[in-house]
Amino acid sequence: MSRRMVVVAVLAAASAVGASSVPASSGALLTLRMSPYGKIISDAHHRVLYLFARDGNKPVSTCYGVCATAWPPLLTKGAPAAGPGLSAKLLGTTKRKDGSLQVTYNGHPLYYYSADMGSKIMCQHANMHGGFWFVVNPNGTANTAKSKAKM
């Protein structure tokens, strides 16, 4: 095998390994998924995303400290992207106190719930940390359906 072929083979192998573990873009990807509440917004791994009613209609997070431990923000290092059925016009970011960028949709900062497991949605319509938490409809509004989860 020639030296050039060895280099090409090594680069191809490294590329194949890297392709499975490193995303092509550092920006968060929002997707739609079906749930007991209809279509809702999730991340690229189908983990449900929530909005915090206390944040209001301003793209500024009010969830820090213990709140952010229970409700980690969806962070991004690049421009977020909208999957099929979502509007790229509604995507944005807001700078958190530590300088990190949190993804927003329709002006709402987005969060995970730390106790959600797999496809279960554990805290829909929950009143915690000074406000209600809701899954997010495709148009970026709060889905205010009562929770179907049994805790």
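By the equivalent-ellipsoid construction on the alpha carbon gyration tensor, region 25-143 comes out with semi-axes of 18, 18, 13 Å, ordered largest to smallest. On the basis of the beta-carbon distance and an R0 of 30 Å, ARG33 and THR69 show a calculated FRET efficiency of 0.75. Label positions at LYS58 and THR141, each projected 7 Å from the Cα along the C-beta direction, are separated by 2.3 nm. Amide H contacts of SER35: ILE40, each under 5 Å away and 5 or more positions distant or on a separate chain (H built 1.01 Å from N in the peptide plane; Pro and chain starts excluded).
Candidate cross-link partners of LYS89 among the lysines, defined by an alpha-carbon separation under 30 Å and a same-chain spacing of 8 or more, comprise LYS39, LYS58, LYS77, LYS97, LYS120, LYS146.
A simple spin-label model places pseudo-atoms 7 Å from Cα toward Cβ; at SER100 and MET117 they are separated by 2.4 nm. Database remark: amide H of ALA126 closer than 5 angstrom to the amide H of TRP133 (H placed geometrically; neighbours at sequence offset of 5 or more, or on other chains; Pro and chain starts carry no H). Magnitude of the charge dipole for region 25-143, about its Cα centre and with charges confined to Cβ atoms of Lys, Arg (+1) and Asp, Glu (-1), is about 140 debye.
Eigenvalues of the alpha-carbon gyration tensor of region 31-88, scaled by 5 and square-rooted, set the equivalent ellipsoid semi-axes at 21, 14, 12 angstrom, largest first. Per residue, the convex hull spanned by the Cα atoms of region 83-151 amounts to 127 cubic angstrom.
Bear in mind that the values in this text are calculations on the coordinates, not laboratory data. Given the structure is predicted, the values throughout are model-derived calculations rather than measurements. So basically every Cβ, Gly included, is an ideal-geometry build from the backbone, and we count neighbours across all protein chains shown.
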